[in-house]
1. Taking the criterion of being under 30 Å from L42 (Cα atoms) and modelled with pLDDT of 95 or more, would at least one residue in the range 114-132 satisfy it?
2. So which residues in the range 48-75 are closer than 21 Å to L12 by Cα, touching a strand residue (DSSP E or B) at 6+ places or on another chain (Cβ under 6 Å) and open to solvent by 10 Å² or more (accessible area, probe 1.4 Å)?
3. Would you mind finding the one in G138, G155, G162 that is over 19 Å from S44 (Cα atoms), at pLDDT 90 or above and surrounded by 17 or more Cβ atoms within 10 Å (Cβ to Cβ)?
4. Can you list residue pairs whose Cβ atoms sit under 6 Å apart, with the first residue in the range 258-274 being farther than 13 Å from S49 by Cβ and the second being open to solvent by 40 Å² or more (accessible area, probe 1.4 Å) and in a strand (DSSP E or B)? Count only pairs 6 or more apart in sequence or on different chains.
5. Here are some residues: S107, S102, S98. Which one is modelled with pLDDT of 95 or more, over 21 Å from the mean Cα position of the chain (by Cα), crowded, with 20+ Cβ neighbours inside 10 Å and within 20 Å of H268 (Cβ to Cβ)?
6. Mind listing whichever residues of the range 274-311 are open to solvent by 30 Å² or more (accessible area, probe 1.4 Å) and among the hydrophobic types (A, V, I, L, M, F, W, C)?
Amino acid sequence: MPAEFDVAIIGLGAMGSAAAAFAASRGAKVIGIEAHYPAHALSSSHGDSRLIRLGYFEDPSYVPLLKRAYENWRMLEARLREEILTVTGVLQIGRPDSKIVSGTLASCKMHGLTHELLDKHEMARRYPAFALDYDEIGLLDPQGGYIRPEAAIMGFLKLAVGDGAELHFGERVEAISPDADGVTVISANGRYHARKVIIATGAWIAELVPELVSKAQPIRQVVAWYQPEDGFIAQPGRMTCFLRDDGENGSFFGFPAIGADGVKIGRHAHFREPIDPTLPNPPVNGADTELLDTFARKRLPKAASHRIRATTCRYTMLPSEDFLIDFAPATATSWCPLPAPATASNSPASSAKSFRTSPSTAAPNFRRRSSRSNGIFRRDDGAALQPAPSSASSACLLPVGGNGEPDGRDEEVEGAEGGVGGDVEDRWRHGAQRLADHESPASADWAPLRIIAHWAPYERQRRTPV
């Protein structure tokens with residue numbers, strides 16, 4: 001007989017490790033299965049640093065989710081007694097009407113976030129690492145910074161094991177077989193039965209969810225590290241993390257000299273080259289380094305003077321460049337979180353998104369507990385946000401964890417709680433859909449979700465039998 005679990009998690013990167021830690025802390029019997037070693041270099045979750053920011057230019061609806069993520073990152077640090085999130089500030093640089101600057105300003109104003117607008121002269125005085133054109137400005141998000149991805153993943157895995165999770169590494173899942181009581185996960189090493197399964201395999205997700213073959217495209221990403229000519233101006237106290245709209249050249253992201261290798265730079269989506277996720281990452285070539293060296297010479301002349309090294313990683317892109325968090329088609333037992341870049345072609349540092357929000361989106365409600373005050377949204381028309389309907393006919397629904405105590409039963413859908421206002425701002429701020437664990441969309445259509453989730457704080461909770 002296969003071993004029995006409440007939830008099986010396939011893939012233990014950013015999303016999978018956080019899901020394992022959250023589910024185990026809530027008393028679920030968890031198995032996590034990873035084909036590679038912990039925090040390996042073939043995912044989108046490595047490379048020393050990932051940006052985090054509150055003023056989210058892509059869409060203001062992410063801000064409440066990020067606020068919760070910040071709280072949970074700090075609670076993760078408290079449990080680990082280790083720093084994971086470092087605040088340096090994040091500068092959004094470009095022309096005032098650029099997507100990065102104008103979108104960040106809109107998010108800051110809508111949510112009342114602290115921010116500063118800096119003209120070219122003030123930027124030169126306070127942040128001399130950055131070279132601006134005459135018509136460019138900087139917008140400072142003082143609460144932004146970076147997360148240490150490898151430390152975060154290892155921390156989540158450590159806490160998951162401490163709360164009773166069983167984790168397997170170097171074990172590749174070959175198939176998932178649904179049945180009346182859940183799913184059987186089949187690997188070369190064994191068979192495991194679970195009430196629910198999370199598929200969080202990133203670039204390999206289409207192997208287990210074939211409906212995503214034409215939609216989830218792994219692409220090649222390149223980043224490089226540079227030593228500064230002036231070491232003082234590249235230090236975190238004088239240089240922040242940044243996002244830069246460089247017009248027709250694309251959008252770039254970077255970090256101050258937070259490690260021995262110096263300043264880190266990359267361009268969002270690089271050349272958008274598709275890759276085969278089953279093969280090693282393609283090596284860095286001359287076109288890659290020329291692109292990044294040109295940007296460094298022009299925009300960071302004293303802070304990024306001498307390239308030390310460059311490496312490749314991978315993004316997994318949807319057509320909308322948004323998250324996909326959904327039930328697998330035709331089943332309520334398979335849940336697929338796919339961290340992908342944000343909407344808008346100018347979205348930089350997108351592989352960081354799984355880290356920014358993973359403490360807030362990683363684990364649905366695996367205990368038989370009430371779901372309370374969870375706002376769940378999806379894009380219906382590519383522009384406006386609409387509350388996802390509570391009927392099973394909706395294409396994209398996700399039950400997210402609530403704050404109710406375990407009560408040994410599943411709660412039925414009771415519709416919206418707290419009221420849904422007439423405009424978009426009221427909908428994301430006050431609207432909520434209460435969804436039972438067993439609800440699943442009848443349609444096999446896939447669409448990105450907008451999720452504003454009210455999660456229980458990341459802390460050890462009372463463990464009771466499921």
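1. Initially, the range 114-132 is screened for residues under 30 Å from L42 (Cα atoms), giving none.
No, that holds for no residue.
2. Selection gives R50 alone.
3. On the way: G155 fails: over 19 Å from S44 (Cα atoms); G162 fails: surrounded by 17 or more Cβ atoms within 10 Å (Cβ to Cβ).
None of the others qualify; the one that does is G138.
4. P274/Q217
5. Working: S107 fails: over 21 Å from the mean Cα position of the chain (by Cα); S102 fails: crowded, with 20+ Cβ neighbours inside 10 Å.
Checking each option against the conditions leaves just S98.
6. L279, V284, A287, L291, I308, A310 - these are the residues of the range 274-311 that are open to solvent by 30 Å² or more (accessible area, probe 1.4 Å) and among the hydrophobic types (A, V, I, L, M, F, W, C).
The values are calculated or read from the model by the stated rules, or taken from the named source; none is laboratory data. The model shown is predicted, which means the values in this text are computed figures rather than measured ones. Backbone-built Cβ (ideal geometry, glycine too); neighbour counts: all protein chains shown. For accessibility, only protein heavy atoms count, side chains too; no ligands or nucleic acids. Shrake-Rupley method; radii C 1.70, N 1.55, O 1.52, S 1.80 Å.
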